[in-house]
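Have a look at this one before I ask anything.
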Amino acid sequence: MGGFLKFFIRYLGARLIVCFLVIFVGVTITFLIPRLIPGSNPAEIAVRRLQMAGAYLPPESVEPMREALLKLYGLEGSMIEQYFRYWRELLKGNLGPSFASFPTPVVVLISRSLPWTVGLLALTAVVSWVIGTLLGGVASYRGKRLWVRVFEMFSNAVRPIPYYIFALTLLIIFAYVLRWFPAGGAFQVGIVPSFSSTFVKSVIKHGFLPALSLIIIGMGAWFLNMRNLASGVTHEDFVIFAHQMKIKESTILKNYVMKTAMPAQLTGLALQLGTVFSGTIITEIVFNYPGLGTLAFTAIMQSDYNLIMGITLCSIVAVAFATLLVDLLLPFVDPRIQYTGGAG
Amino acid sequence: MSKTSLDLQTTVHVEASNLKAYYLTEQQGVMKEVKAVEDVSFDIEGSKFLAIVGESGCGKTTLAKVLYGFVNSNLSIIGGRICYSFGDAQYEVSPTANTLKDAWWKKISYVPQGSLSALNPVRKLKDIFLDLANSHGVPFQEEKVKNHLKMVKLPPYILRMYPFELSGGMRQRVVIALATLLHPSVIIADEPTSALDVVTQRDILRLLKSIQVDAKSTFIFITHDISLVPDLADFMAIMYGGCIVEYGPTEAIFSRPLHPYTKFLLSTVPTIGDKTEKQPIPGSPVNLIDPPPGCRFHPRCPYGEKICAEQRPGLVENKANSWECRVACWLYR
Ligand SMILES: Nc1ncnc2c1ncn2[C@@H]1O[C@H](COP(=O)(O)OP(=O)(O)OP(=O)(O)O)[C@@H](O)[C@H]1O
Ligand SMILES: [Mg+2]
């Protein structure tokens with residue numbers, strides 16, 4: 001066991017280094033991109049906005065004003081200086097102020113939105129994965145049952161529909177026509193967030209439609225994915241041999257077919273959890289849900305560098321850790337992959 | 001083992017009569033039949049070792065699947081039947097019935113051709129044995145399984161391992177251990193040694209022979225290599241193009257082959273000191289989708305006569321020697 005621990009720590013160390021490298025590169029790229037796009041400097045934009053509003057700005061006062069704004073926004077100095085300052089502040093947990101909602105710190109804005117997004121997306125991702133994987137596994141095995149064919153037809157019918165159309169349809173039917181669910185927000189305006197039953201009920205009611213749209217789409221995709229993976233496995237020699245040995249059908253399904261298809265499916269889930277933030281923009285806009293997606297959308301519209309960078313940072317960290325999670329999980333579900341590196 | 005159970009095992013009777021099994025495949029949009037098993041009959045009684053020999057693609061694996069009753073929508077039995085009687089119970093496989101499935105693994109087991117990939121890659125061997133025991137309602141006793149592994153010359157610690165951690169020969173032994181765990185009376189082994197080196201191959205063949213002798217079971221052993229047969233099999237059947245062309249005791253066929261194809265096969269066996277050049281069989285193997293009319297071997301046969309191209313010869317007894325040999329050839333009528 002001591003040997004195992006040693007290998008595990010070495011393996012973990014190597015993966016962590018890769019993980020941090022990914023974060024480092026990601027942060028650097030997101031630092032550069034908004035600064036390299038011409039005409040997106042927020043100080044310039046603010047000055048222009050003032051000028052467009054008709055205010056007369058004497059040319060000699062524009063320059064000091066711009067500089068004051070740059071300083072305020074943390075954008076003064078050369079790119080290199082900004083870069084080092086950015087890292088220094090980042091390690092202190094400070095992402096700077098939001099430009100658009102100045103002077104609210106970015107961290108505050110993000111921490112206000114993050115729980116909604118994580119709650120909605122992590123929950124729906126896991127629920128749709130579990131249902132889709134189980135049904136897909138069983139379907140690969142019992143392909144001719146009626147419910148399998150109905151479900152398959154349904155999944156295939158839903159798949160080509162663009163997500164926003166599907167989401168809008170749900171919204172129109174259930175929020176505007178039937179009026180069963182509210183059309184936006186995360187909870188009833190006026191209720192103070194707490195663990196009271198009114199609040200929880202309100203949250204569930206508001207989250208139901210976005211969650212439903214995500215679960216239906218996600219479940220169909222996972223179902224088809226698992227069914228294809230698993231029906232590939234049902235033709236493998238060892239499954240045929242298990243039938244010839246007359247191993248119980250339920251054992252074959254569980255331990256021979258689904259277990260073999262699981263590594264690929266689980267990798268998919270972990271990677272999807274990593275994309276939680278980028279996958280959420282459309283959902284949150286359609287359902288007017290106050291999560292990170294809505295925040296990102298407004299940040300982009302307002303050239304709010306610091307906020308864009310903060311959200312992107314969350315996303316990068318999430319993807320990097322999801323990948324790490326896959327690397328750590330795979331040896332558990334697939335014994336052919338081992339912490340020692342090679343097989344055997 | 002009590003005496004009665006030995007008695008039961010000695011009364012095993014396998015009888016195949018006019019078995020016909022075809023694959024249905026699609027070729028360029030047209031459904032075609034692959035006539036892979038045609039009119040196969042044989043009869044073995046008691047504890048015997050039968051070898052079925054033939055070149056690649058002649059339908060050996062198909063015959064093995066049919067004998068095991070492992071048919072599906074793709075491979076179906078068109079005619080004839082095979083009966084197993086285990087003294088106390090009868091099972092049959094025919095176009096209309098397949099009761100043999102009830103006997104699978106307890107009375108008859110199967111070692112598939114692709115044995116090296118027959119083990120679940122994500123399951124420890126102990127769990128595979130456990131699955132097998134649970135599925136057949138027998139208690140799993142680790143000590144018994146370890147003793148059983150010892151019998152096939154495997155160390156007990158392999159139970160803790162995954163299949164990919166074993167060598168090819170070890171995996172083959174595991175499959176043999178699985179196939180013999182419940183002491184079936186009939187074992188069908190399809191090319192169990194073809195993917196192994198010569199030394200391992202010899203060890204495994206010896207093992208199979210000793211299992212057959214000790215357990216007094218009936219073995220149906222399938223191979224493309226006729227040189228393996230002499231020390232192993234009591235009886236042999238030569239298969240060509242889906243048909244059995246010659247059937248008889250091994251010694252008889254080796255000392256006096258009758259069918260021209262058998263003669264060719266035997267002439268290819270290398271012997272020490274033999275300097276003559278080996279002649280390949282002229283012509284090409286049969287296309288089982290569109291086999292030649294009459295005897296399926298006639299296009300390659302040096303003795304072909306007119307009748308050979310018109311009618312297929314049946315497998316009939318030949319009293320050319322004191323042994324009971326059967327041959328399907330017009331030369332011996
Ligand atoms: N699943 C299948 N569907 C259609 N045709 C098949 C199928 N399996 C085998 N065949 C055909 O049936 C014929 C006999 O195949 P079979 O596997 O029985 O040969 P074999 O004698 O076992 O050969 P080998 O020594 O190479 O294992 C071949 O012509 C093959 O192309
Ligand atoms: Mg074969």
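The values are calculated or read from the model by the stated rules, or taken from the named source; none is laboratory data. Values in this document were obtained by computation on a predicted structure and should not be read as measured data. FYI the Cβ positions are ideal-geometry reconstructions off the backbone, even for glycines, and counts take in every protein chain you see. When the accessible area is computed, the model is the full protein with side chains, heavy atoms only, and any ligands, DNA or RNA have been set aside. Shrake-Rupley method; radii C 1.70, N 1.55, O 1.52, S 1.80 Å.
Using Cα pairs closer than 8 Å and at least 6 residues apart in sequence, work out the relative contact order for chain A, in percent. Don't skip to the end; give the middle numbers.
Numbers: 359 pairs, mean separation 92.5, N = 344.
Rounded, it is 27 percent for chain A.
Between A:PHE166 and A:SER196, what FRET efficiency comes out of the Förster formula 1/(1 + (r/R0)^6) with R0 = 41 Å and r the beta carbon distance, rounded to 0.05?
0.80
Averaged over peptide B:174-181, how many Cβ atoms belonging to another chain are found within 10 Å of each residue's Cβ?
Numbers: counts 0, 2, 0, 0, 2, 3, 0, 1.
That works out to 1 on average.
Report the accessible surface area buried between chains B and A, summing both sides, using a 1.4 Å probe on protein heavy atoms only, in Å² rounded to the nearest 100. It would help to have the intermediate numbers written out before the result.
Values: alone 15940 and 19310 Å², together 33100 Å².
That pair of chains buries around 2100 Å² in total.
Tell me the accessible surface of A:ILE215 in square angstrom (1.4 angstrom probe, heavy atoms of protein chains only), to the nearest ten.
Accessible area of A:ILE215: about 40 Å².
Label points 7 Å out from Cα along the Cβ direction at B:ASP88 and B:SER17: separation in nm?
Taking the simple label geometry, B:ASP88 and B:SER17 are separated by 2.7 nm.
Let me ask something else about it. Choose one of A:LEU70, A:LEU21, A:ALA230: the residue whose Cα lies farthest towards the positive end of the charge dipole of chain A (beta-carbon charges +1 Lys, Arg; -1 Asp, Glu; about the Cα centre).
Value computed over the given set: A:ALA230.
Which cross-chain or sequence-distant (5 or more) residues have an amide H under 5 Å from the amide H of B:LYS32, H modelled 1.01 Å from N in plane?
The list, which skips near neighbours in sequence, is B:THR25, B:GLU26, B:GLN27.
Taking R0 as 30 Å, what FRET efficiency do you get between A:THR104 and A:ARG35 from their Cβ-Cβ distance, rounded to the nearest 0.05? Working shown, then result.
On the way: r = 22 Å, r/R0 = 0.72.
Efficiency at R0 = 30 Å is approximately 0.85.
At most 11 other Cβ atoms within 10 Å and a DSSP loop assignment: could you name the trypsin sites (Lys or Arg not before Pro) in the stretch B:235-306 that fit? List each step's numbers first, then the result.
Values: sites: B:LYS263, B:LYS275, B:LYS278, B:ARG296, B:ARG300, B:LYS306; in loops: B:LYS275, B:LYS278, B:ARG296, B:LYS306.
Loop-located and lightly packed - B:LYS275, B:LYS278, B:LYS306.
Restricting the count to DSSP beta bridges whose residues both fall in chain B, what percent are antiparallel, rounded to a multiple of 5? Could the numbers behind the result be given before it?
Working: 37 of 56 bridges.
Taking every DSSP beta bridge with both residues in chain B, the antiparallel ones total about 65 percent.
How many lysine pairs are close in chain A, with Cα atoms under 20 Å apart and the two 8 or more places apart or on different chains? The partial results should precede the final answer.
Values: A:LYS71/A:LYS92; A:LYS144/A:LYS248; A:LYS144/A:LYS254; A:LYS246/A:LYS254; A:LYS246/A:LYS259; A:LYS248/A:LYS259.
Within chain A, the lysine pair count is 6.
Please compute the per residue accessible area over the protein assembly as shown with all protein chains in place, 1.4 Å probe, rounded to a whole number of Å². Intermediate values should be presented prior to the final figure.
Numbers: 33100 Å² over 677 residues.
For the protein assembly as shown, the per-residue accessible area is 49 Å².
Mind checking the dipole of chain A: about its Cα centre, +1 per Lys or Arg Cβ, -1 per Asp or Glu Cβ, Debye to the nearest 20?
Numbers: 26 positive and 15 negative charges, 245 e Å.
Its charge dipole is roughly 1180 debye.
Determine the sum of side-chain charges near B:SER85: Lys and Arg each +1, Asp and Glu each -1, restricted to other residues whose C-beta is under 13 angstrom from that of B:SER85. Don't skip to the answer; put the middle values down first.
Numbers: positive: B:ARG81, B:LYS107; negative: B:GLU15, B:ASP43, B:GLU45, B:ASP88, B:GLU92.
Summing Lys/Arg as +1 and Asp/Glu as -1 gives -3.
Here's another thing I want to ask about it. Out of B:THR268, B:ASN18, B:CYS243, whose Cα points farthest toward the positive end of the dipole of the protein assembly as shown (charges: +1 Lys, Arg; -1 Asp, Glu; placed on Cβ)?
Going by the charge dipole, the pick is B:ASN18.
So what are the ³J(HN,Hα) numbers for the stretch B:256-263, from phi and the Karplus equation (6.51, -1.76, 1.60; θ = phi - 60°), rounded to whole Hz, Gly and Pro as x?
8, x, 9, 5, x, 5, 4, 4
Could you give the angle, 0 to 90 degrees to the nearest 10, between helix B:142-151's Cα long axis and the longest principal axis of the Cα atoms of chain B?
So the inclination is approximately 40 degrees.
Quote the Stokes-Einstein diffusion coefficient, in whole µm² s⁻¹, for chain B, based on the Kirkwood radius over alpha carbon pairs, a temperature of 4 °C and a viscosity of 1.567 mPa s.
Working: Rh = 21.1 Å.
The Stokes-Einstein estimate is 61 µm²/s.
Please name the residues of the stretch A:206-245 whose accessible area, counted over protein heavy atoms with a 1.4 angstrom probe, falls by no less than 40 Å² between the chain alone and the full protein assembly.
Residues passing the criterion (a loss of at least 40 Å², heavy atoms only) are A:ASP237, A:PHE238, A:PHE241, A:GLN244, A:MET245.
In chain B, if the dipole is taken from +1 on Lys/Arg beta carbons and -1 on Asp/Glu beta carbons about the Cα centre, which of B:VAL186, B:PHE164, B:LEU258 is farthest to the positive end?
Among B:VAL186, B:PHE164, B:LEU258, the one farthest towards the positive end of the dipole of chain B is B:PHE164.
Just check the stretch A:114-291 against the gyration tensor rule for me: Cα atoms, a ≥ b ≥ c as the square roots of the eigenvalues, rounded for a/c under 1.5, and otherwise prolate or oblate depending on whether a/b exceeds b/c. Before the final figure, lay out each step's value.
On the way: a/c = 2.66, a/b = 2.20, b/c = 1.21.
It is prolate, given that a/c is not under 1.5 and a/b is the larger ratio.
Put A:ARG35, A:ARG179 in order of accessible area, largest first, 1.4 Å probe: what do you get? Please report the intermediate quantities before stating the final value.
On the way: A:ARG35 40, A:ARG179 175 Å².
Largest to smallest exposure gives the sequence A:ARG179, A:ARG35.
In debye, nearest 20, what is the charge dipole magnitude of the stretch A:114-291 about its Cα centre with +1 on Lys and Arg Cβ and -1 on Asp and Glu Cβ, if you could check? Let's see the in-between values first.
On the way: 13 positive and 5 negative charges, 103 e Å.
Dipole of the stretch A:114-291, to the nearest 20 debye: 500 debye.
Are there GluC sites (Glu not before Pro) in the stretch B:233-333 that DSSP puts in a loop and that have at most 10 other Cβ atoms within 10 Å, and which ones? Write out the running numbers ahead of the final one.
Working: sites: B:GLU246, B:GLU251, B:GLU277, B:GLU305, B:GLU310, B:GLU317, B:GLU324; in loops: B:GLU277, B:GLU305, B:GLU310, B:GLU324.
Those satisfying the criteria are B:GLU277.
Return a whole-number percent for the relative contact order of the stretch A:86-205, with Cα pairs under 8 Å and 6 or more residues apart as the contact set.
Working: 44 pairs, mean separation 11.6, N = 120.
Relative contact order comes out at 10 percent.
Taking a probe of 1.4 angstrom, what is the accessible area of B:MET151 in Å², to the nearest 10?
It works out to around 80 Å².
Using Cα springs under 10 Å in a Gaussian network model of chain A, which residue among A:VAL126, A:VAL286, A:VAL62 shows the largest mean-square fluctuation?
A:VAL62
Same structure again: Give me the distance in nm between label points sitting 7 Å out from Cα along the Cα-to-Cβ direction at A:ARG159 and B:ALA97, one decimal.
Inter-label distance under the simple model: 4.5 nm.
How do B:ARG333, B:ARG173 rank by accessible surface area computed with a 1.4 Å probe, from largest to smallest? Mind showing how you got there, number by number?
Details: B:ARG333 135, B:ARG173 30 Å².
So the residues, ranked largest to smallest area, are B:ARG333, B:ARG173.
Of all the accessible heavy-atom surface of the stretch A:114-291, with the other protein chains kept in place and a 1.4 Å probe, what percent is carbon and sulfur? Don't jump to the answer; show the numbers that get you there.
Numbers: 6200 of 8750 Å².
Using a 1.4 Å probe with all protein chains present, the stretch A:114-291 comes out at 71 percent carbon and sulfur.
Between beta-carbons, use under 12 Å as the cut-off and find the net charge around B:THR200, counting Lys and Arg +1, Asp and Glu -1. Walk me through the numbers before you get to the answer.
Numbers: positive: B:LYS153, B:ARG171, B:ARG173, B:ARG202, B:ARG206; negative: B:ASP197, B:ASP203.
Surrounding charge for B:THR200 is +3.
Check each of the trypsin sites (Lys or Arg not before Pro) in the stretch A:86-173 and keep only those in coil by DSSP with at most 13 other C-beta atoms within 10 angstrom; list them in order. All intermediate terms of the calculation are to be shown ahead of the outcome.
Details: sites: A:ARG88, A:LYS92, A:ARG112, A:ARG142, A:LYS144, A:ARG145, A:ARG149; in loops: A:LYS92, A:ARG142, A:LYS144, A:ARG145.
Filter output for the stretch A:86-173: A:LYS92, A:ARG142, A:LYS144, A:ARG145.
Roughly how much of A:SER78 is accessible, in Å² to the nearest 10, using a 1.4 Å probe?
60 Å²
What average number of partner chain Cβ atoms lie no more than 10 Å from the Cβ of the residues making up B:108-120? Working shown, then result.
Values: counts 0, 3, 3, 2, 5, 1, 5, 2, 1, 5, 9, 4, 12.
Across B:108-120, the average partner-chain Cβ count within 10 Å equals 4.
Continuing with this model, one more query. If each of A:TRP180 and B:LYS306 carries a label point 7 Å out from its Cα toward its Cβ, how far apart are those two points in nm?
According to this spin-label approximation, the distance is 8.5 nm.
Let me ask you something else. Averaged over all directions, how much area does the convex hull of the C-alpha atoms of the protein assembly as shown cover when projected, in nm²? Display every interim value, and only then the final one.
Values: hull surface 182.6 nm².
Across all orientations, the protein assembly as shown yields a mean hull projection of 45.6 nm².
Just tell me, in residue order, which DSSP H segments of chain A are both 20 angstrom or longer along the helix axis (alpha-carbon based) and at least -0.5 in mean Kyte-Doolittle hydropathy. Write down the numbers at each step before the final one.
Numbers: long enough: A:2-36 (51 Å, 1.71); A:59-73 (22 Å, -0.33); A:106-141 (50 Å, 1.62); A:197-234 (49 Å, 0.95); A:259-274 (23 Å, 0.49); A:305-333 (41 Å, 2.06).
Those that pass (Cα extent of 20 Å or more, hydropathy at least -0.5) are A:2-36, A:59-73, A:106-141, A:197-234, A:259-274, A:305-333.
Using DSSP loop states and a limit of at most 13 other Cβ atoms within 10 Å to flag chymotrypsin sites (Phe, Trp or Tyr not before Pro), what is the longest stretch of chain A containing no flagged site? Let's see the in-between values first.
On the way: sites that count: A:TYR56, A:TRP180, A:PHE195.
That gives A:196-344 as the longest site-free run.
Now for a separate question. Please give the charge dipole size of the protein assembly as shown, origin at the Cα centre, charges +1 on K and R Cβ atoms and -1 on D and E Cβ atoms. Round to the nearest 20 debye.
On the way: 62 positive and 49 negative charges, 215 e Å.
Dipole magnitude for the protein assembly as shown comes out near 1040 debye.
So what J values fall out for the stretch B:59-71 if you push phi through Karplus, 6.51 cos²θ - 1.76 cosθ + 1.60 with θ = phi - 60°, rounded to Hz, Gly and Pro as x?
Along the stretch B:59-71, the couplings run x, 5, 4, 4, 4, 4, 5, 5, 4, 8, x, 8, 10 Hz.
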